[in-house]
Amino acid sequence: MRLTDMKDEWPHMPESMKVQVRDLVENESGKADLQTGRGRRSRKKMIVLAAALAASFVAITVGANGLVRLKEKKAGSYGRATIVDTAGTKAPSVLQDVDISFDRLPDGYAYQKQGGQTFRNEVLKDGSDSNLAAAYAIYLDKDGSTDLITANVTSGRKLTVGDHEAVIYQRGASISQGAGTEAYVIYPEYWLAVQVQTRGDVSEEELSTLLNGLTVTPTGITMQYGDAVTLSQWTMKDASLASGQRTFRLAGTIGDTVSFTGSMQDGTDVPMEAAVTEVHAYDSLDVLGDSVPDEWKNDVGADGKLADNTLTYYIAGDGINTQDQLVKTETVKQKLVCATVEFTNASDEDAANVNFVTELRRILVNSDQTLEEKPEALASQDLGAYIKGFADKYGYDTIRSTGHGTEYEMGWFDVSQKDGSTDGSNYIPHMSAGETVTVHFAWIVDESDFPNLYLNVNSHVGEGDNLLIGIGSVLNTEG
């Protein structure tokens, strides 16, 4: 991830969003999206806990800025603490932005492409995003040392990547952190660490090959130290309970027109209107014909109808001193919910590549008419495990499901940009001034959530502008 991309957005992100960014690859439960309005889907899998600890070691790296020590020690019963010690070493006042690339890939790996753009820091194994490696460049802290706690470590070793020292770990699986392999490579000449994380079936040998092909290249862009994202910010996971809940505003119901400010792919604002015209629920995926997403096919039972969703509730262990605790298990029916949304370009100018992200949120309406997201929704998004006090208040902090019924992101839609001119497919290619474009959406939904379903039609704009259209009360079930 380019540091210049991250540093501009980081100060404005809610803490829950920062947590999702930090754990993008770390969560085996599914590919967590960045929530910038261009993320689309996530997938969840059941995982189990396994933890142990190997011996500690010390690595010393010498670079242009002096001596930086990379130390390791035991952390609790199940984890390992990596300490990046910069004490006595002067940090530069101006930092270099860098690009990261893997110039050597193991067999079966390829760079991930989305909308014609290649992210040189993400690679896929065998074309599957459940086998993913990604690298992040993160600046070292200015003074003293930074503790990087790595949970559920089963083994670790030191290696050399070019002229740079590195550490590599194997992790056992847990609810909050999935099984995988990760590494840190220290670049003191740029005052940064490159963190490489994997998930899925990625071996230590494959990661070593990736690391030995790792290239860090200055872009020529500089920044002040205070504008950088540092390791201590990256690894902080304690968030308040309130920070995990987004701000929503009820804007109407079926047929009502909602006005908001949309955006084109180049960032240009576009006055927009949206109206939900139809909503239906079905027992099967038949209405989607041949366009059923591959990941949804496992949700279909032998009778051709949607299978039940089994929800498993946990209190997630920290992988350092505690292990995961199973709280309860329940089974709920799943339905296919389809919505028709009409988007209108309300400006007097044509617009190209207009972004849309229409989320299906589960909302509670409090007695004072304030709106908040259901705690089950936050826990199923892997947020609860990182919010301080969540388990104390609700009795669980993480939910795993066998189906897709808890997901809020657009699972299926029928309008997209396919010519490679954008960084994603969820764009309306062209809208003339005053033109209305109809987009059909579909989600797999737990039927028990019907009373709490609201469409967030403008979720690609600021946190304070999440406009909800209530749809649960009009849902009908058809064969």
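The values are calculated or read from the model by the stated rules, or taken from the named source; none is laboratory data. Since this is a predicted model, take the numbers as computed values, not measurements. In this analysis, Cβ positions are derived from the backbone assuming ideal geometry, glycine residues included, and neighbour counts consider all displayed protein chains.
Hey, could you check the range 398-422 for residues that are polar (S, T, N, Q) and surrounded by fewer than 18 Cβ atoms within 10 Å (Cβ to Cβ) and say which is farthest from Val354 (Cα to Cα)? Give the steps one after another, and end with the answer.
We begin by selecting, within the range 398-422, every residue polar (S, T, N, Q); these are 398, 401-402, 406, 416-417, 421-422.
Right, trim to surrounded by fewer than 18 Cβ atoms within 10 Å (Cβ to Cβ) and you get 416, 421.
Numbers: Ser416: 10, Ser421: 12 Å.
Ranking the qualifying residues of the range 398-422, first place goes to Ser421.
Close contacts from the range 219-232, counting a first residue that is in a loop (DSSP other than H, G, I, E, B) and a second that is among the hydroxyl-bearing types (Ser, Thr, Tyr), with Cβ to Cβ under 6 Å and a gap of 6+ residues or different chains, come to Ala228/Tyr139.
Which one of Tyr386, Tyr408 is under 18 Å from Leu311 (Cα atoms), under 20 Å from the mean Cα position of the chain (by Cα) and at pLDDT below 95? Let's see the steps before the verdict.
Values: Tyr386 fails: under 18 Å from Leu311 (Cα atoms).
Result: Tyr408 is the single residue among Tyr386, Tyr408 that is under 18 Å from Leu311 (Cα atoms), under 20 Å from the mean Cα position of the chain (by Cα) and at pLDDT below 95.
The criterion of at least 1 residues that are touching a residue at least 40 places away in the same chain (Cβ under 8 Å) and among the polar types (S, T, N, Q) is met by the following strands (runs of 3 or more DSSP E) wholly inside the range 126-175: 128-139, 145-150, 153-161. Residues in the range 329-376 that are at pLDDT below 95, loosely packed, with under 14 Cβ neighbours inside 10 Å and of a type in the set (Ser, Thr, Tyr): Ser367, Thr370.
Of everything in the range 177-218 that's polar (S, T, N, Q) and part of a strand (DSSP E or B), which residue is farthest from Gly156 (Cα to Cα)? So that I can check it myself, show each step before the final result.
As a first pass, look at the range 177-218 and keep what is polar (S, T, N, Q): 177, 181, 195, 197-198, 203, 208-209, 212, 215, 217.
Keeping just the survivors that are part of a strand (DSSP E or B) gives 181, 195, 197-198, 215, 217.
On the way: Thr181: 10, Gln195: 15, Gln197: 14, Thr198: 15, Thr215: 23, Thr217: 27 Å.
So, considering only residues that are polar (S, T, N, Q) and part of a strand (DSSP E or B), the one farthest from Gly156 (Cα to Cα) is Thr217.
Restricted to the range 262-289, and to residues there that are without any contact (Cβ under 8 Å) to a residue 40 or more places away in the chain and not in a loop (DSSP other than H, G, I, E, B), the residue that is farthest from Glu349 (Cα to Cα) is Asp286.
Please pick out the residue among Gly395, Gly384, Gly389 that is within 17 Å of Lys328 (Cα to Cα) and surrounded by fewer than 20 Cβ atoms within 10 Å (Cβ to Cβ).
Details: Gly384 fails: surrounded by fewer than 20 Cβ atoms within 10 Å (Cβ to Cβ); Gly389 fails: within 17 Å of Lys328 (Cα to Cα).
The match here is Gly395.
So which residues in the range 70-101 are closer than 28 Å to Asn321 by Cα and not small (Gly, Ala, Ser)? Selection gives Leu70, Lys71, Glu72, Lys73, Lys74, Tyr78, Arg80, Thr82, Ile83, Val84, Asp85, Thr86.
So which of Arg69, Arg80 is part of a strand (DSSP E or B), at pLDDT 80 or above and under 30 Å from Val123 (Cα atoms)? Before you say what the answer is, go through the steps one by one.
Values: Arg69 fails: at pLDDT 80 or above.
None of the other options fit; the residue is Arg80.
Against the condition touching a helix residue (DSSP H, G or I) at 6+ places or on another chain (Cβ under 7 Å), at pLDDT below 85 and of a type in the set (Gly, Ala, Ser), how does Ala228 come out, does it pass? Answer is yes for this residue. Before we move on, is Leu326 buried (at least 20 other Cβ atoms within 10 Å of the Cβ), modelled with pLDDT of 95 or more and within 26 Å of the chain's Cα centre (by Cα)? Considered against the rule, which asks whether it is buried (at least 20 other Cβ atoms within 10 Å of the Cβ), modelled with pLDDT of 95 or more and within 26 Å of the chain's Cα centre (by Cα), Leu326 comes out as no. Gly162 fulfils the conditions (1) under 22 Å from Thr398 (Cβ atoms); (2) surrounded by fewer than 17 Cβ atoms within 10 Å (Cβ to Cβ); (3) not hydroxyl-bearing (Ser, Thr, Tyr) except for a single criterion, (1).
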